[in-house]
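Okay, structure first, notes after.
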Amino acid sequence: MNKQVSILTVIAILALGLAVWLSQSPSKDTFEAALLFDDLQEFANQVDSVEITNAQGVLFSARKSGDRWLATIDPEQPVYPISQDKLAEFVETIMRTKLVEAKTSKPQNYIRLGLQSINIDDSMASLVTLKASEKAWQVLVGNKVMLGEGQYILKPGDIRSWRTDKTIHIPMDKFSWLKQPILPYEARNVSTVSRVDSMSWKISRAVGGDFQLINMPKGKKLEYPSILNSIVTSLTSLDFEALIAADHNFPQSLNVLTQLELSTTDQKIFQVVVSELNDAHFVNFSSTSQTEYWQKWYYRVSNFSAQQLIKTLDDFLAQEDPIITNSDTLPQAIDEGDSPD
């Protein structure tokens, strides 16, 4: 009898559990991925302002002017052209990003996703603002997803945070998306380069296209045929790490390493000065008419880049082979009467 009661009890419990399970709605995740901004694609070509701010202030700010995009480094400094490819890639990523997973809606948990307000000093988030005429889009960008593509984001006015399907790459600093290299010339646009300080030399483009050393020292030859081309390439491909606006005080603190003069095929002539200060290297450009944007700044460049621009005449020339004598190559004869120890 007791055995029958036990069996009936188990059956009753199983039946009750089945009824509870059937009464519940299915636990399937029915959320479908949705665009971060469902109307940005319609206005993407009209975006004329991009700003990225973080806890330290404005990281990147650029506006469209005609067919160019110009960045504001500092409100009191001149604007600077940006890399439009990098900006276009950024806007396209924002436009195509989808929300794929809902995350926390508790503000105390935002820190885990890097989504603290940028008003908090140690916030790791970046606030992205895009504008097109009278429309604007904003999103707070937090940590990158640990595995695979994706980012954690928070839309202003929505307490629910989200994981996206794409990684939104934020510039490392205010210089990361500026136009590189410095000069708007290619090597083929350069006619002559001269060192115009006390260690002077001059190279000029020959009819065949390569450069030749003017007043080649008698009995000397180049270390290799294209060595003169290398300094021209170093100039036209010169990238920078940071910008400093030219003022009256900064140049006085610099130690000048060399001065070059460069002429172009379109009859432009300008000077290039390479300097150093506290183990950092700087380059600036000047001419009689300072109208180009790249003539208004001091550029901090890498030590390697600076070294390519301070070549001396001897750096271009092949070194003479040392004179070899018999005594240098032949072992000394041992006198037959001597016996080594």
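The values are calculated or read from the model by the stated rules, or taken from the named source; none is laboratory data. Note that the structure is a prediction, hence the values are computed from the model and not measured. Note: ideal-geometry Cβ built from the backbone for every residue, glycine included; neighbour counts use all protein chains shown. The area values use the complete protein model at the heavy-atom level, side chains included, leaving out ligands, DNA and RNA. Shrake-Rupley method; radii C 1.70, N 1.55, O 1.52, S 1.80 Å.
Matching residues to (1) open to solvent by less than 90 Å² (accessible area, probe 1.4 Å); (2) at pLDDT 95 or above; (3) of a type in the set (A, V, I, L, M, F, W, C); (4) at positive phi:
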{"residue": "Lys296", "(1), (2), (3), (4)": "yes, no, no, no"}
{"residue": "Gln307", "(1), (2), (3), (4)": "yes, yes, no, no"}
{"residue": "Ile323", "(1), (2), (3), (4)": "no, no, yes, no"}
{"residue": "Ala333", "(1), (2), (3), (4)": "no, no, yes, no"}
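Collect the residues in the stretch 134-172 that are of a type in the set (A, V, I, L, M, F, W, C), more than 19 Å from Thr53 (Cα to Cα) and more than 24 Å from the chain's Cα centre (by Cα), keeping them in residue-number order.
Ile159, Trp162
From the list Gln271, Gln290, Gln259, pick out the single residue that is open to solvent by 30 Å² or more (accessible area, probe 1.4 Å), of a type in the set (S, T, N, Q), more than 20 Å from Ile310 (Cα to Cα) and under 31 Å from the mean Cα position of the chain (by Cα).
Gln290
In the stretch 205-215, what residues are out of contact with any helix residue (DSSP H, G or I) (no Cβ under 9 Å at 6 or more places or on another chain) and surrounded by 11 or more Cβ atoms within 10 Å (Cβ to Cβ)? Break it down stepwise before answering.
Kept after step one, since they are out of contact with any helix residue (DSSP H, G or I) (no Cβ under 9 Å at 6 or more places or on another chain), are these residues of the stretch 205-215: 206-208, 214-215.
Result: Ile214, single match.
With the requirement that a residue be in contact with a Lys or Arg (Cβ under 9 Å, 6 or more places away or on another chain) and of a type in the set (D, E, K, R), what does the stretch 35-62 give you?
Those that are in contact with a Lys or Arg (Cβ under 9 Å, 6 or more places away or on another chain) and of a type in the set (D, E, K, R): Asp39, Asp48, Glu51.
I need a count of the residues in the stretch 79-133 that are open to solvent by 30 Å² or more (accessible area, probe 1.4 Å), touching a helix residue (DSSP H, G or I) at 6+ places or on another chain (Cβ under 7 Å) and under 19 Å from Ser49 (Cα atoms).
Here the count works out to 1.
May I ask you to verify whether Val50 is β-branched (Val, Ile, Thr) and in a strand (DSSP E or B)? So that I can check it myself, show each step before the final result.
Working: β-branched (Val, Ile, Thr): yes; in a strand (DSSP E or B): yes.
Considered against the rule, which asks whether it is β-branched (Val, Ile, Thr) and in a strand (DSSP E or B), Val50 comes out as yes.
Collect the residues in the stretch 240-262 that are farther than 16 Å from Ser200 by Cα, touching a residue at least 24 places away in the same chain (Cβ under 8 Å) and not acidic (Asp, Glu), keeping them in residue-number order.
Result: Phe240, Ala242, Leu243, Ile244, Ala245, Ala246, Phe250, Pro251, Ser253, Leu254.
Test Leu113 against the criterion of being touching a Gly at 6+ places or on another chain (Cβ under 6 Å) and of a type outside the set (Phe, Trp, Tyr), and give yes or no.
yes
Restricting attention to the stretch 177-230, report how many residues are over 32 Å from the mean Cα position of the chain (by Cα) and either within 30 Å of Trp69 (Cβ to Cβ) or not in a strand (DSSP E or B) (or both).
Qualifying residue count for the region: 20.
Table: residues versus (1) assigned to a helix (DSSP H, G or I); (2) hydrophobic (A, V, I, L, M, F, W, C); (3) over 30 Å from Tyr293 (Cβ atoms); (4) in contact with a Ser or Thr (Cβ under 8 Å, 6 or more places away or on another chain).
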position: Trp69; (1), (2), (3), (4): no, yes, no, no
position: Gln77; (1), (2), (3), (4): no, no, no, no
position: Ile94; (1), (2), (3), (4): yes, yes, no, no
position: Arg112; (1), (2), (3), (4): yes, no, yes, yes
position: Ser117; (1), (2), (3), (4): no, no, yes, yes
position: Asp121; (1), (2), (3), (4): no, no, yes, no
position: Gly142; (1), (2), (3), (4): no, no, yes, yes
position: Trp162; (1), (2), (3), (4): no, yes, yes, no
